[in-house]
Amino acid sequence: MGNLIDGRAVAENVYVDLRRQIAELKSEGVTPGLAVVLVGDDLASRAYVGSKDKMSRELDLHSVKLELPAVTTQSELLKRIEELNGDPAIHGILVQSPPPKQIDDAAIVRALAPGQDVDGFHPLNVAKLAMGDESGFVPCTPLGVQRLLVESKIDIAGAHVLVLGRSMIVGKPVALLLMQKAKGGDATVTVAHSRTKNLEEVSRAADIIIAAIGRAQFLKARHVRDGAVVIDVGINRVEDAGHPRGYRLVGDVDFDEVSKKAAAITPVPGGVGPMTIAMLMSNTVKAARQIAARGSPERLAGA
Ligand code: NAP
């Protein structure tokens with residue numbers, strides 16, 4: 001299909017560049033290290049953590065996968081994070097979400113050194129994104145969406161972008177990123193959510209639609225103008241008796257309908273997903289560079 005944006009191919013290009021950067025860092029005696037922490041036994045989380053660990057190993061990074069039981073307490077987890085924070089071989093740390101109920105997600109994120117927060121969820125990194133300070137870490141999925149658009153030579157500057165969804169993981173950061181006064185930014189951004197009125201009208205006015213709502217095949221042809229670019233962030237399981245697993249993955253976009261109108265569109269799987277992992281690796285390499293230059297990860301004053 002001529003209008004398909006192939007996330008796997010773009011991610012491969014990212015890895016070519018990252019391998020060069022990793023070799024350079026290694027020649028200076030630095031092996032970027034990533035610790036991925038999984039608490040509990042959620043199957044989807046386990047699969048995500050497995051892919052992240054696998055990719056770290058393929059890139060020859062120092063990879064630590066810490067699997068903790070579902071009964072882990074908040075203080076036990078904080079202790080493990082403190083150990084990782086102090087480990088000189090670790091440059092990036094992420095705690096896979098969602099954690100079990102007894103864990104306060106926000107407190108865990110605040111316990112990370114901002115300079116090691118390769119998921120970009122720490123308040124200091126959120127503030128840096130809002131301020132356009134490029135020393136911060138931007139969440140991986142929004143960063144991957146921007147990179148897909150840039151590598152696909154889609155004009156972002158001046159374009160009307162509709163971001164569908166306002167989560168802290170995707171919607172808000174991708175809106176901030178694309179509206180920045182910077183390369184890969186300068187878009188006119190509208191953010192829509194469950195309370196938005198006249199969504200069809202709003203979305204038909206957009207040159208680029210980024211769908212991140214977690215509703216299977218929600219965005220239909222009637223929401224999209226001819227020639228729009230559609231980036232589908234959604235990952236939803238739908239039952240499929242004909243599939244060996246009994247389900248298949250679909251996005252937030254009705255691909256069959258929308259692909260007939262879109263100038264360019266990402267598939268699910270194989271669109272944004274591979275870019276999220278590629279950007280995690282890229283953030284880890286960035287963290288290693290910064291720590292090598294500073295001697296220690298950025299922490300908050302007094303922390
Ligand atoms: P989330 O935290 O559940 O947020 C969903 C957002 O969509 C909310 O802002 C919600 O509005 C809005 N929304 C829900 N129903 C809507 C509707 N009918 N019309 C308009 N807006 C609606 O989800 P998320 O974490 O951002 O994830 C979104 C999707 O992306 C999920 O499918 C997730 O699995 C996927 N995802 C994929 C990747 C990847 O690597 N590809 C990474 C992260 C997430 P309100 O704020 O008003 O409730």
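In region 156-174, the qualifying residues are those that are of a type in the set (A, V, I, L, M), more than 9 Å from the ligand (Cβ to nearest atom) and not in a loop (DSSP other than H, G, I, E, B), and the one that is surrounded by the fewest Cβ atoms within 10 Å (Cβ to Cβ) is V161.
With R225, R195 as the choices, which residue is of a type in the set (D, E, K, R), touching a helix residue (DSSP H, G or I) at 6+ places or on another chain (Cβ under 8 Å) and part of a loop (DSSP other than H, G, I, E, B)?
Numbers: R195 fails: touching a helix residue (DSSP H, G or I) at 6+ places or on another chain (Cβ under 8 Å).
The match here is R225.
Looking only at region 250-266, decide whether some residue is of a type in the set (S, T, Y), within 23 Å of the chain's Cα centre (by Cα) and assigned to a loop (DSSP other than H, G, I, E, B). Write out each step before concluding.
Our first condition is that a residue be of a type in the set (S, T, Y); within region 250-266, this holds for 259, 266.
So of that shortlist, the ones also within 23 Å of the chain's Cα centre (by Cα) come out as 266.
With assigned to a loop (DSSP other than H, G, I, E, B) added as a condition, the list becomes 266.
Yes, because at least one residue in region 250-266 is of a type in the set (S, T, Y), within 23 Å of the chain's Cα centre (by Cα) and assigned to a loop (DSSP other than H, G, I, E, B).
A search for C-beta distances below 9 Å between a residue of region 181-198 that is surrounded by 15 or more Cβ atoms within 10 Å (Cβ to Cβ) and any residue that is of a type in the set (K, R), counting only pairs 6+ apart in sequence or on different chains, returns G184/R147; V191/R166; V191/K172; A192/R166. In region 133-155, the residues that are away from the ligand (no atom under 13 Å from the Cβ) and open to solvent by less than 30 Å² (accessible area, probe 1.4 Å) never reach a residue that is polar (S, T, N, Q) and modelled with pLDDT under 95 with C-beta atoms less than 9 angstrom apart, at least six apart or across chains.
For (1) in contact with a strand residue (DSSP E or B) (Cβ under 7 Å, 6 or more places away or on another chain); (2) of a type in the set (D, E); (3) more than 10 Å from the ligand (Cβ to nearest atom), each residue gets a yes or a no:
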site	(1), (2), (3)
A211	yes, no, no
G227	no, no, yes
G234	yes, no, no
R237	yes, no, no
R248	yes, no, yes
A264	yes, no, yes
V272	yes, no, no
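Residues that are in a helix (DSSP H, G or I) and within 26 Å of Q146 (Cβ to Cβ) occur at least once in region 87-107.
State whether the residues of region 281-292 include one that is without any contact (Cβ under 8 Å) to a residue 40 or more places away in the chain, under 30 Å from A23 (Cα atoms), of a type in the set (G, A, S) and not in a loop (DSSP other than H, G, I, E, B). No, there is no match, as no residue in region 281-292 is without any contact (Cβ under 8 Å) to a residue 40 or more places away in the chain, under 30 Å from A23 (Cα atoms), of a type in the set (G, A, S) and not in a loop (DSSP other than H, G, I, E, B).
Looking at this structure, is A241 surrounded by 15 or more Cβ atoms within 10 Å (Cβ to Cβ) and in a loop (DSSP other than H, G, I, E, B)? When the stated conditions are applied, A241 does not pass them. Answer yes or no as to whether A221 is farther than 21 Å from L148 by Cα, surrounded by fewer than 18 Cβ atoms within 10 Å (Cβ to Cβ) and away from the ligand (no atom under 16 Å from the Cβ). Yes. Taken together, Y48, Y15 contain a single residue that is touching a strand residue (DSSP E or B) at 6+ places or on another chain (Cβ under 9 Å) and of a type in the set (F, W, Y), which is Y48. Scanning region 250-262 for residues that are open to solvent by 40 Å² or more (accessible area, probe 1.4 Å) and within 16 Å of the ligand (Cβ to nearest atom) returns a single hit, F255.
Candidates are the residues of region 108-153 that are in a helix (DSSP H, G or I) and charged (D, E, K, R); the one that is farthest from V272 (Cα to Cα) is R110. It is to be established whether one or more residues within region 42-57 are assigned to a loop (DSSP other than H, G, I, E, B) and open to solvent by 30 Å² or more (accessible area, probe 1.4 Å). Checked region 42-57: at least one residue is assigned to a loop (DSSP other than H, G, I, E, B) and open to solvent by 30 Å² or more (accessible area, probe 1.4 Å).
The values are calculated or read from the model by the stated rules, or taken from the named source; none is laboratory data. Since this is a predicted model, take the numbers as computed values, not measurements. Here Cβ is always computed from backbone atoms with ideal geometry, including for glycine, and neighbour counts include all displayed protein chains. Note: areas computed on protein heavy atoms with side chains; ligands, DNA, RNA excluded. Shrake-Rupley method; radii C 1.70, N 1.55, O 1.52, S 1.80 Å.
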